[in-house]
Structure formats: C-alpha cells, structure tokens
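Trainee: Here it is, the structure, as structure tokens.
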Amino acid sequence: MIRNKNGYINDTAEPLYYFGHGLSYTEFTYSDLQIDEKKIDPDDTVKITFKVKNTGDFDGAEVAQLYFSDTVASMVRPTKELAGFARIFLKKGEEKKLVFEIRASQFAFLDEKMKWKVEKGDMDFFIGSSCEDIRLFDRISISENRYVDGKTRGFYAKADIC
C-alpha cells in the first residue's frame, strides 16, 4: 500500500530545501583548510582559513558556510550548528581566501543549571555550500570547562574575504 504524504504528520522531518540550497550556473571547489590552534581555552578565538575557487564556466556567487558540532556533550546538542557564513562573488577561474574567526564562547550551551557553559572536549568544524554539502572538515579540542556570561558570549563568527 502506498501512502501519500500530506506535508505534515506523515511527512519526514527533512526540510524541502536546506540553508544554502540553490542552483548555480557554475561550480565551486573548496581547499586548503587551516585552523590556527587545535587546542584552545574557553576564552580563546579560533581562526579558520580556507579557499574557494570558481572552477566552472561562468561568473557566480557562492555562500560558504561554517558549522560546528560538539562530539560528546553532557547535554543534547544539535547535530550541526551554523557558526557563520559569507557570500562571495567569483569570476570564472577566480579564487579567494575566507577567514572565519569564532570565539570559543560561541560553543556555550545552557546546562542543567541554566548557566552558559563551554565544555571541555572535541569540536568538529564543517565547511561547505550547505549543511548537507560539506566540502572540508577538521577538529579542535577545548582544554577545560568554563561558565561564560550569556550576554557577552560569542554569537556569530566574523567572516573576512581576502
């Protein structure tokens, strides 16, 4: 028996379109991922650098996205959290470097005491053109647990295009 999806109760939890989904008349490649520090303290800032190149036949725009994931957390956390993104315009054959700066306090979450906590452990970084089209991956470690002020914690990674 085939059931028709009604778009609500019997449907999947998958979105129709992921953030960053879009059609382009050109192709982009991602390369040369570098992270300045692989082991950080909860007060540090991480600099993530990579290159995006237009390898297609036309000029075009790409939305490069940075996600992170806590590999083992004491609380339930999202599988991937959007940390930042940048729209870049590249001519055919052009390559640009992107630099994301993310404060470790952006990894904070509300613990069982409802306090913002940066937790010791590994944090995975995913870079791609959408949350489902990941092109680069790397990991860092946070050295210790620390509570942070929720009003001043990192919220969004700063992005520069070079």
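The values are calculated or read from the model by the stated rules, or taken from the named source; none is laboratory data. What you are looking at is a predicted structure, and each value in this text was computed from that prediction instead of being measured. Positions of Cβ are backbone-derived with ideal geometry, glycine not excepted, and every protein chain shown enters the neighbour counts. For the accessible areas, the whole protein counts, side chains as well, though only heavy atoms, and no ligand, DNA or RNA atoms are used. Shrake-Rupley method; radii C 1.70, N 1.55, O 1.52, S 1.80 Å.
Trainee: Can you pull the percent of the chain's accessible area that's carbon plus sulfur, 1.4 Å probe, other chains left in place?
Mentor: Result for the chain: 50 percent of the exposed heavy-atom area is carbon or sulfur.
Trainee: Additional query: To make sure I understand the rule: partners must be lysines, Cα under 20 Å from the Cα of Lys91, and not fewer than 8 residues away in the same chain. Which ones qualify?
Mentor: Cross-link targets: Lys51, Lys53.
Trainee: Oh, and also: Place a point 7 Å from the Cα of Ser141 along the Cα-to-Cβ direction; which residues of the range 43-73 have their backbone N under 15 Å from it?
Mentor: Only 71-72 fall inside the zone, counting backbone N under 15 Å.
Trainee: Which cross-chain or sequence-distant (5 or more) residues have an amide H under 5 Å from the amide H of Asn145, H modelled 1.01 Å from N in plane?
Mentor: Result for Asn145 returns Lys120.
Trainee: Using a 7 Å offset from the Cα along the Cα-to-Cβ direction at both Arg153 and Asp124, what is the distance between the two label points in nm, to one decimal?
Mentor: Modelled inter-label distance: 2.1 nm.
Trainee: Residues of the range 75-96 with backbone nitrogen within less than 12 Å of a virtual label 7 Å along the Cα-to-Cβ line of Phe19, please, listed as ranges.
Mentor: Answer for this model: 79-86.
Trainee: While we're looking at this one, here's another question. Could you tally up the Lys pairs in the range 97-162 with alpha carbons closer than 28 Å? Skip any pair fewer than 8 positions apart unless they're on separate chains.
Mentor: For the range 97-162, qualifying lysine pairs total 8.
Trainee: Can you put Val72, Val52 in order of accessible area, largest first, using a 1.4 Å probe?
Mentor: Highest to lowest solvent-accessible surface, that is Val72, Val52.
Trainee: Could you work out the relative contact order of the range 44-162? I mean the mean sequence separation of Cα pairs under 8 Å and 6+ apart, divided by the number of residues, in percent.
Mentor: Contact order relative to length: 32 percent.
Trainee: Sticking with this one: Lys47 label point, 7 Å along Cα→Cβ, cut-off 12 Å on backbone N: hits in the range 113-149?
Mentor: none
Trainee: Follow-up. Could you compute Rg(Cα) / (2.2 N^0.38 Å) for the chain, with N its residue count?
Mentor: Scaled against compact globular proteins, the figure is 1.19.
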